[in-house]
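Below: the structure, in structure tokens.
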Ligand code: F6P
């Protein structure tokens, strides 16, 4: 493993998430503070393979902390999964003397980083950039807070129209295989039911509880469903509800990619800045192949392979709270 880092590459990979720009900014400016050369890699690992790499200065990251998306763009690269693609990527780093990488992305991106680092002796640091919050070793992922706030704003609006028409709305939110966006946005909007992949969805129980609420003329019903729920998301749940409870006027709304866009919240800007700063500090201190996370407001370093394998554990307490508050 290389001992002293002099030139670092930074890239954003996988699905974009609000706050990635704040993290890039922190990596670039902290790197320059330490007199390192910092290189931006466009479109994640694809840019490494295609040699789409450029030198970044402090001014390259001016005026981006408040912007969603990522100035480095994002991609999921199939070619990087192949040894030949990774070898090509390595040659492009080597010719510039880039000797370390900061990878901002989710678990798929970390898998790539881990493999690349093992094969070519390049130190890598991972920063958890995903709206899904599906990575172990951190209380926050960059973008989650913004995505949840976007979902909350949208669901509040849906509730207004649901209320006006005495309708039931099934709202599907993102999260891939994780239910955190659904859980947090569902609690914050007072949803009557929240369906998430981490718990078994009992459809009979759902129908019984909606039917019972209808009987006692509880007017507004909001069901928030994670896209990864075992029943296949909002459309399927709405279809079943319509079939079994035809008296309830039911609509479905898939929030989709609006959850990935928009200006990052203050929290996302803060954690992205803190994590980006510590990514470079970590490289300077010779701490390699870890993901920088925050646990109980303290910096927390998780070996990349652990961050990939382990998932966050969902607290049972939240599930109990949902049941009691929605009754
Ligand atoms: O991982 C982030 C995420 O937005 C998931 O919540 C979602 O399942 C997926 O990416 C969507 O991916 P794509 O951008 O390929 O449609």
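The values are calculated or read from the model by the stated rules, or taken from the named source; none is laboratory data. Computed from a prediction, not measured in an experiment: that's the story for all the values here. Glycine also receives a Cβ, built like all others from the backbone with ideal geometry; neighbour counts cover every protein chain displayed.
Take residue 40 and tell me if it is under 18 Å from residue 291 (Cβ atoms) and either at pLDDT 95 or above or more than 20 Å from the chain's Cα centre (by Cα) (or both).
No: the conditions fail for residue 40.
Looking only at segment 195-204, which residues are within 16 Å of the ligand (Cβ to nearest atom) and touching a residue at least 40 places away in the same chain (Cβ under 8 Å)? Full working, then the answer.
Going residue by residue through segment 195-204, those that are within 16 Å of the ligand (Cβ to nearest atom) are 195-198.
195, 196, 198, listed by residue number.
Condition first: touching a strand residue (DSSP E or B) at 6+ places or on another chain (Cβ under 6 Å) and farther than 21 Å from residue 37 by Cβ. Now tell me which residues in segment 57-73 satisfy that. Break it down stepwise before answering.
Filtering segment 57-73 for residues touching a strand residue (DSSP E or B) at 6+ places or on another chain (Cβ under 6 Å) gives 70, 72.
Matches in segment 57-73: none.
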Problem set entry | The lone exception for residue 31 - which of (1) within 24 Å of residue 111 (Cβ to Cβ); (2) touching a strand residue (DSSP E or B) at 6+ places or on another chain (Cβ under 6 Å) it fails | (1)
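Take the residues of segment 175-193 that are in a loop (DSSP other than H, G, I, E, B) and touching a strand residue (DSSP E or B) at 6+ places or on another chain (Cβ under 8 Å): which is nearest to the ligand (Cβ to nearest atom)?
Among those that are in a loop (DSSP other than H, G, I, E, B) and touching a strand residue (DSSP E or B) at 6+ places or on another chain (Cβ under 8 Å), it is 175.
Can you confirm whether residue 228 is closer than 22 Å to residue 163 by Cβ and either surrounded by 15 or more Cβ atoms within 10 Å (Cβ to Cβ) or touching a residue at least 60 places away in the same chain (Cβ under 8 Å) (or both)? Can you show your working first?
Working: closer than 22 Å to residue 163 by Cβ: no; either surrounded by 15 or more Cβ atoms within 10 Å (Cβ to Cβ) or touching a residue at least 60 places away in the same chain (Cβ under 8 Å) (or both): yes.
Against the criterion (closer than 22 Å to residue 163 by Cβ and either surrounded by 15 or more Cβ atoms within 10 Å (Cβ to Cβ) or touching a residue at least 60 places away in the same chain (Cβ under 8 Å) (or both)), residue 228 does not qualify.
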For this session: Could you tell me whether residue 163 is in a helix (DSSP H, G or I), outside the structural domain of residue 68 (by TED's automatic domain parsing) and more than 23 Å from residue 18 (Cα to Cα)?
Result: yes
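Mind checking whether some residue in segment 303-321 is touching a strand residue (DSSP E or B) at 6+ places or on another chain (Cβ under 7 Å), surrounded by 19 or more Cβ atoms within 10 Å (Cβ to Cβ), without any contact (Cβ under 8 Å) to a residue 40 or more places away in the chain and assigned by TED's automatic domain parsing to the domain that holds residue 37? Can you show your working first?
Applying the first criterion (touching a strand residue (DSSP E or B) at 6+ places or on another chain (Cβ under 7 Å)) to segment 303-321 yields 303-304, 307.
Checking the rest, the ones that are also surrounded by 19 or more Cβ atoms within 10 Å (Cβ to Cβ) come to 304, 307.
Right, trim to without any contact (Cβ under 8 Å) to a residue 40 or more places away in the chain and you get none.
No, segment 303-321 contains no residue that is touching a strand residue (DSSP E or B) at 6+ places or on another chain (Cβ under 7 Å), surrounded by 19 or more Cβ atoms within 10 Å (Cβ to Cβ), without any contact (Cβ under 8 Å) to a residue 40 or more places away in the chain and assigned by TED's automatic domain parsing to the domain that holds residue 37.
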Seminar exercise, completed: Looking across segment 126-169 at residues that are surrounded by 23 or more Cβ atoms within 10 Å (Cβ to Cβ) and closer than 30 Å to residue 244 by Cα, the single one that is farthest from the chain's Cα centre (by Cα) is 168
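Out of the residues in segment 116-146 meeting the condition of being more than 21 Å from residue 299 (Cβ to Cβ) and touching a strand residue (DSSP E or B) at 6+ places or on another chain (Cβ under 8 Å), tell me which one is nearest to the ligand (Cβ to nearest atom). Full working, then the answer.
So the first thing to find is which residues in segment 116-146 are more than 21 Å from residue 299 (Cβ to Cβ), and the list is 116, 118-122, 131-132, 146.
Narrowing further to those that are touching a strand residue (DSSP E or B) at 6+ places or on another chain (Cβ under 8 Å): 116, 122.
Values: 116: 20, 122: 25 Å.
Within segment 116-146, the match that is nearest to the ligand (Cβ to nearest atom) is 116.
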Exercise. Which residues, counting only those in segment 45-69, are more than 17 Å from residue 8 (Cβ to Cβ) and within 16 Å of the ligand (Cβ to nearest atom)?
Worked result: 46, 68, 69
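Which of the residues belonging to segment 233-251 are within 29 Å of the chain's Cα centre (by Cα) and not in a loop (DSSP other than H, G, I, E, B)?
Our first condition is that a residue be within 29 Å of the chain's Cα centre (by Cα); within segment 233-251, this holds for 233-239, 251.
Within segment 233-251, 234, 235, 236, 237, 238, 239, 251 qualify.
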